[in-house]
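The values are calculated or read from the model by the stated rules, or taken from the named source; none is laboratory data. Computed from a predicted structure; not experimentally measured. Positions of Cβ are backbone-derived with ideal geometry, glycine not excepted, and every protein chain shown enters the neighbour counts.
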Amino acid sequence: MNRTTTLLLILSSVLATGSTLVTGAAGAEPQESSLERLGLRFDAAVVARYDDNIIQLSDEDIARLEQGPPSSRFRITTPDDWVGIARFDGRWRHSIFSRRETRLHAGADVYRYHTNGIKDWEEYKLDWDQELTASRKHLVSLRVTGELVSDFYLRELTDDDASFAAGRRIRNSARYDQTSLSATLEREMIENRLTVELDWKRADRDYVPDFDERDGLRTDWRVEARVRPVGHSRLRFDLQLSTGDYAARGDLASTPVPDDDISYDFDGAKLRAALPWGERSRGRVEVDLEYERRDFTTTNQFDLFRYGRVDDRWEYALKVAQFLGHGLDLSAEWRRRSNDATFPPTVVPQDDVTDYDENRFELGLRARFGS
């Protein structure tokens, strides 16, 4: 039995046992727990994921990895992998201000790859959600969120400065940490029918020293409308429109050769349809469609990977979740991502390394403790 399977089995057992202890045995009279009285809630989840393209390789690179001899081009040994994911969330809610609820949330996600441990990484999140209006009708709230992505592995990339010094191609691992801050203002426009959000996010990405030219800030602006088109139906549609840019450091004055500038502008749109069902046996199905267009902004005509390049990025998702009772939820999800790059007529296309398709399949179990 591999370590990922063992971890998932142990955590699943812990979740099931803990949920029973908190909610009581089947058939017992429900009672308010001490966590509920304190306004506390804890969620824990385990997810088994199969990812058929873990670092988003093109078809040509997948063939090189699977058929070619060992190369400095890759640190992974297989293009696909099984991933064990553990998610932990803590929430607290209280009315610090009269008739205005305050909610705090802290979460951590841990990703562990069965075959390619170089891809292991973590994500941490802390947010504060404050209701600004006393009336529940046309509620206005503000949410501030901080996130940390720790030690994310991208892939092996050519280190231009090291290659110039060595007189041959040198590849190094591109890894980064990312911290981000976001603010979201939400207002209910039509009671139980239309809610609008305005969101700003700034993410600071810090690569390892070999790729300092990739360090940069990504700024997102997003507006979202959540609509229930039929009054008595639970069917809901979410429409998001986004725009922004990634401003990389680009060419460094301290280096002997021009450094790549990976800066880009982007615009995007996302549509989600969600249909919940049931009262006691609650569940839902969600369908997502997302598109993002990236226009790379480098002015270096010798950068054949990015000069004049435009990426069309698509993502599709289907998710089904079902409440099992005793604070347990079971979910299944399929997600597909793809990238299609185009280049100006004067540039030799490099889409043999930029285009990719990725499919993810997940099965997860979540337990809730408290209010």
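What do you reckon, is Thr179 closer than 30 Å to Ala225 by Cα, modelled with pLDDT under 95 and either acidic (Asp, Glu) or in contact with a Leu (Cβ under 8 Å, 6 or more places away or on another chain) (or both)? Quick ask: steps written out before the conclusion?
Details: closer than 30 Å to Ala225 by Cα: yes; modelled with pLDDT under 95: no; either acidic (Asp, Glu) or in contact with a Leu (Cβ under 8 Å, 6 or more places away or on another chain) (or both): yes.
The answer is no for Thr179.
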Within the stretch 305-322, track down each residue that is in a strand (DSSP E or B) and not β-branched (Val, Ile, Thr).
-> Asp311, Asp312, Arg313, Trp314, Glu315, Tyr316, Ala317, Leu318, Lys319, Ala321, Gln322
If you take the residues in the stretch 323-371 that are among the hydrophobic types (A, V, I, L, M, F, W, C) and not in a strand (DSSP E or B), which one is nearest to Tyr111 (Cα to Cα)?
-> Val353
With the checklist (1) surrounded by 15 or more Cβ atoms within 10 Å (Cβ to Cβ); (2) among the acidic types (Asp, Glu); (3) in contact with a helix residue (DSSP H, G or I) (Cβ under 7 Å, 6 or more places away or on another chain) in hand, flag the one item Asp352 doesn't pass.
-> (1)
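Working only within the stretch 210-243, note down all residues that are in a strand (DSSP E or B) and closer than 20 Å to Leu148 by Cβ. Even if it seems obvious, please write down each step before you answer.
Of the stretch 210-243, the ones in a strand (DSSP E or B) are 216-227, 236-243.
Gly216, Leu217, Arg218, Thr219, Asp220, listed by residue number.
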Counted residues, the stretch 260-304 - those being outside any strand (DSSP E or B), on the phi < 0 side of the Ramachandran plot and surrounded by fewer than 16 Cβ atoms within 10 Å (Cβ to Cβ) = 9
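Which of the residues belonging to the stretch 156-209 are part of a loop (DSSP other than H, G, I, E, B) and out of contact with any helix residue (DSSP H, G or I) (no Cβ under 8 Å at 6 or more places or on another chain)? Break it down into steps so the answer makes sense when it comes.
Initial filter on the stretch 156-209 (part of a loop (DSSP other than H, G, I, E, B)): 159, 167-170, 191-193, 208.
Of everything in the stretch 156-209, those that are part of a loop (DSSP other than H, G, I, E, B) and out of contact with any helix residue (DSSP H, G or I) (no Cβ under 8 Å at 6 or more places or on another chain) turn out to be Gly167, Arg168, Glu191, Asn192, Arg193, Val208.
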Is at least one residue of the stretch 210-227 within 30 Å of Asp129 (Cα to Cα) and over 22 Å from the mean Cα position of the chain (by Cα)?
-> yes
Using beta carbons and a limit of 9 Å, which pairs, at least six apart or on different chains, have the first residue in the stretch 117-139 and within 20 Å of Leu104 (Cα to Cα) and touching a residue at least 40 places away in the same chain (Cβ under 8 Å) and the second one part of a loop (DSSP other than H, G, I, E, B) and not acidic (Asp, Glu)?
-> Leu139/Leu132; Leu139/Thr133
